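Below: one structure, written as structure tokens.
The values are calculated or read from the model by the stated rules, or taken from the named source; none is laboratory data. Keep in mind it's a predicted model, so treat the numbers as computed, not measured. Cβ sites come from the backbone with ideal geometry, for glycine too, and all protein chains shown count toward neighbours. Accessible surface areas use protein heavy atoms only, side chains included; no ligands, DNA or RNA. Shrake-Rupley method; radii C 1.70, N 1.55, O 1.52, S 1.80 Å.
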Amino acid sequence: MTVWRDVIGQDQPVATLQAAVADPARMTHAWLLTGPPGSGRSTAARAFAAALECPRGGCGECHECRTVLDRSHADVTVMATEGLSIQVKDARELAGLAQRRPSVGRWRVIIIEDADRLTERAADALLKALEEPVARTVWLLCAPSLEDVIITIRSRTRHVRLRTPPVEAVARLLTDRDGIDPRIAVDAARAAQSHVGLAKRLATDESARARRRKTLLLAGRIHGLGDAMSAAADLAAIAGEESTASSAERDAAEKERLMAQLGADPAARTQPPHVRSQLSAREKEQKTRATRFSRDVIDRSLVDLLSIYRDGLVVRAGSTVPLINADLADEVQRLADGRSSEQLLQAMDTIGTARERIEANVPPLLALEAMMIGLRAPSSGLG
């Protein structure tokens, strides 16, 4: 096993990164890894970090490899923002950290998993560190695309582009690594559109499969204005339920740990001012995290919804390309029978517009209502 085991379908990017590990002449101080969601940007960044620290170039078995991959290596820092953006104070902390020599490893590695979420001021705070690199410090930035990263940052990095891995490769990983039945793994990988994390969740979580199915079935029930408003509310509710279920237990555990660290009595009716201020700050962070997670859930739902219109277009065109939602073949056929190819493409554009609006901080429910109105079925079928 090597550190690259989980970086699937990325032969050329892996070859580029391995060459940099092996040959100092091919190494640089800052890298930008881009690729669509699920392509494995963060996984590749951690594998690269492990290979840099490993005396054997990424064996996957030594102490250095194992501690990097489980995020406990002293010289590898991972910034994975849970908010809507990376703030200037966080960037300044990373810039300061970059000035320090490695304490135990060969390199000090700083990974920013969401470089597209750097605010302009935060990017400015990183510029000096990127313009005046420190020996033995390397930056690994991850983002969906070059255009998502502020130009002053991307111009100072070496770009490596990842692609969406094949369904078969994702399914094989789920089977070999997680012991998932091969048939279930293939179905989950196809439904997740090769997003490894989502594929594993769909393969192992019945409630996740049920929520996805409920989202897909919305496409066939939007006829009038009332249906559109109801569908928008349902989609927002699905996201809210998932967000609440995911965060409630975590938030409570974080509060309990904070109270213990502060030496506060959880049973006390009132808390000292310093405890109240710390709790208030933590609650604010949790609220920001919940907002981002809810928007991420909505975006995932919109990608799922987009897939059934895509399948309808595939059927209408008579293509032999496999359906993403083969388990809903009857629903896909009804969608194809009821709309022209142009109307299916327009529906896909409508969903894309909603995703862009939510990303631009339009209130999600408002964007979803406008989208659902645009997705109303034509007044008559096309046969």
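Worth pointing out:
- In segment 124-146, of all residues being under 21 Å from residue 12 (Cβ atoms) and not in a loop (DSSP other than H, G, I, E, B), the one that is most open to solvent (accessible area, probe 1.4 Å) corresponds to 146.
- Condition check for residue 117: free of Cβ contacts under 8 Å to residues at least 40 places away in the same chain and either more than 27 Å from residue 283 (Cα to Cα) or surrounded by 18 or more Cβ atoms within 10 Å (Cβ to Cβ) (or both): yes
- Residue selection: residue 254 satisfies the criterion of being surrounded by 11 or more Cβ atoms within 10 Å (Cβ to Cβ), modelled with pLDDT under 85 and more than 29 Å from residue 307 (Cβ to Cβ).
- Among (1) in contact (Cβ under 8 Å) with a residue 60 or more places away in the chain; (2) open to solvent by 70 Å² or more (accessible area, probe 1.4 Å); (3) within 30 Å of residue 326 (Cβ to Cβ) - the single one residue 190 does not satisfy: (2)
- If you go through segment 230-251 and keep only what is closer than 24 Å to residue 311 by Cα and touching a residue at least 60 places away in the same chain (Cβ under 8 Å), you end up with 231, 232, 235, 236, 238, 239.
- Residue count, segment 328-347 (criterion: basic (Lys, Arg) and either in a loop (DSSP other than H, G, I, E, B) or free of Cβ contacts under 8 Å to residues at least 60 places away in the same chain (or both)): 1
- Out of 215, 204, sole residue that is surrounded by fewer than 16 Cβ atoms within 10 Å (Cβ to Cβ) and either β-branched (Val, Ile, Thr) or touching a Pro at 6+ places or on another chain (Cβ under 7 Å) (or both): 204
- Qualifying residue in segment 49-56 (condition: more than 17 Å from residue 140 (Cα to Cα) and out of contact with any strand residue (DSSP E or B) (no Cβ under 8 Å at 6 or more places or on another chain)): yes
- As for segment 210-217, it holds at least one residue that is assigned to a helix (DSSP H, G or I), within 15 Å of residue 297 (Cα to Cα) and among the β-branched types (Val, Ile, Thr).
- Flag for residue 221 being among the basic types (Lys, Arg) and under 21 Å from the mean Cα position of the chain (by Cα): no
- Lone unmet requirement of (1) free of Cβ contacts under 8 Å to residues at least 60 places away in the same chain; (2) under 29 Å from residue 200 (Cβ atoms) for residue 69: (1)
- The condition of being of a type in the set (Gly, Ala, Ser), touching a Gly at 6+ places or on another chain (Cβ under 9 Å) and modelled with pLDDT under 90 does not hold for residue 246.
- For segment 37-66, a residue qualifies if it is within 22 Å of residue 11 (Cβ to Cβ) and free of Cβ contacts under 8 Å to residues at least 12 places away in the same chain, and exactly one does: 56.
- Residues in segment 266-299 that are surrounded by 11 or more Cβ atoms within 10 Å (Cβ to Cβ) and charged (D, E, K, R): 276, 282, 283, 284, 285, 287, 289, 292, 295, 296, 299.
- The single residue among 153, 180 that is in a loop (DSSP other than H, G, I, E, B) and not charged (D, E, K, R) turns out to be 180.
- Scan segment 348-383 for residues that are among the hydroxyl-bearing types (Ser, Thr, Tyr) and either modelled with pLDDT under 90 or not in a helix (DSSP H, G or I) (or both) and the total you get is 2.
- Residue within segment 89-106 that is surrounded by 15 or more Cβ atoms within 10 Å (Cβ to Cβ), under 19 Å from the mean Cα position of the chain (by Cα) and not basic (Lys, Arg) present: no
- Checking each residue of segment 289-310 against the condition of being closer than 17 Å to residue 220 by Cα, without any contact (Cβ under 8 Å) to a residue 40 or more places away in the chain and in contact with a helix residue (DSSP H, G or I) (Cβ under 8 Å, 6 or more places away or on another chain) gives at least one match.
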